[in-house]
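**Q** Before anything else, here's the structure in question.
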Amino acid sequence: MVLSVLAVAAFVVVLVALVPRPNAQPIRTVDVAATAARAATRLTFTPAVPLGLPAGWVPTSADVRDSGDGILTWHIGYLTADGRYASVEQAAKVTPQWISIMDSGGVRQPSVQVGGTTWVQHYKDVREVTALIRTGDGRTTMVTSKGGGLANAQVLARAIPASQR
């Protein structure tokens, strides 16, 4: 009986070693500019299209979402070069509830200057979410960084053209 168990175990080891396993799912990328052009017809503002992001930043989602309270939100999600998640959220006529939902309930921190523009900073330590928020030109723009801290949020905020902040 012991020999039978050993034979089966040896067969399983050989089978596991020889059978190819697929690698992780490939990262799905999206064309942010093309999606933004289509989204503009649904929004009351020109949606942001970040430019000049560092190598390794991959856009994985871009769409218009109903974020509750009837607020349509332009969303872009990125996988950063360091494997973290960052996003852009934009909407018109936002509510305090919208901000709380989008920044994961972050607590206000000191404001920061990015690209000559002042951004309000929020941070949620439990989820490690840093959010930079700017309101102007009929829209509120929020960039978030999950686990990448203020540095990744600043990179994304800097990449949004001033006319689209």
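The values are calculated or read from the model by the stated rules, or taken from the named source; none is laboratory data. For clarity, every value in this text was computed on a predicted model and none was experimentally measured. Don't worry about glycine lacking a Cβ; one is built from the backbone with ideal geometry, like all the others, and counts go over all protein chains shown.
**Q** More than 12 Å from Val88 (Cβ to Cβ), of a type in the set (A, V, I, L, M) and part of a strand (DSSP E or B): is that true of Val126 in this structure?
**A** Values: more than 12 Å from Val88 (Cβ to Cβ): yes; of a type in the set (A, V, I, L, M): yes; part of a strand (DSSP E or B): no.
The answer is no for Val126.
**Q** Follow-up. Looking at (1) surrounded by fewer than 16 Cβ atoms within 10 Å (Cβ to Cβ); (2) touching a helix residue (DSSP H, G or I) at 6+ places or on another chain (Cβ under 7 Å), which is the one condition that is false for Ile133?
**A** Only one criterion is unmet by Ile133, namely (1).
**Q** Let me ask you something else. Cβ-Cβ under 6 Å, sequence separation 6+ or interchain: first residue in region 80-93 and surrounded by 15 or more Cβ atoms within 10 Å (Cβ to Cβ) and modelled with pLDDT of 95 or more, partner among the aliphatic types (A, V, I, L, M) and assigned to a strand (DSSP E or B). Which pairs?
**A** Thr80/Ala86; Val88/Ile76; Val88/Val143; Glu89/Met142
**Q** Every residue in region 147-159 that is modelled with pLDDT under 95 and under 16 Å from Ile76 (Cβ atoms), please.
**A** Gly148
**Q** Sort through Ala91, Ala33 and tell me the only one that's touching a helix residue (DSSP H, G or I) at 6+ places or on another chain (Cβ under 8 Å) and closer than 21 Å to Asp137 by Cβ.
**A** Ala91
**Q** Then there is this: Residue pairs, Cβ under 7 Å, 6 or more apart or interchain, first in region 105-128 and at pLDDT below 95 and crowded, with 16+ Cβ neighbours inside 10 Å, second among the basic types (Lys, Arg) and part of a strand (DSSP E or B). List them.
**A** Within 7 Å, the pairs are Gly106/Lys124; Thr117/Arg134.
**Q** Could you pull out the residue among Thr29, Thr73, Thr44 that is under 23 Å from Thr130 (Cβ atoms) and of a type in the set (S, T, N, Q)?
**A** Thr73
**Q** Are any of the residues in region 144-158 in a loop (DSSP other than H, G, I, E, B) and touching a residue at least 24 places away in the same chain (Cβ under 8 Å)?
**A** yes
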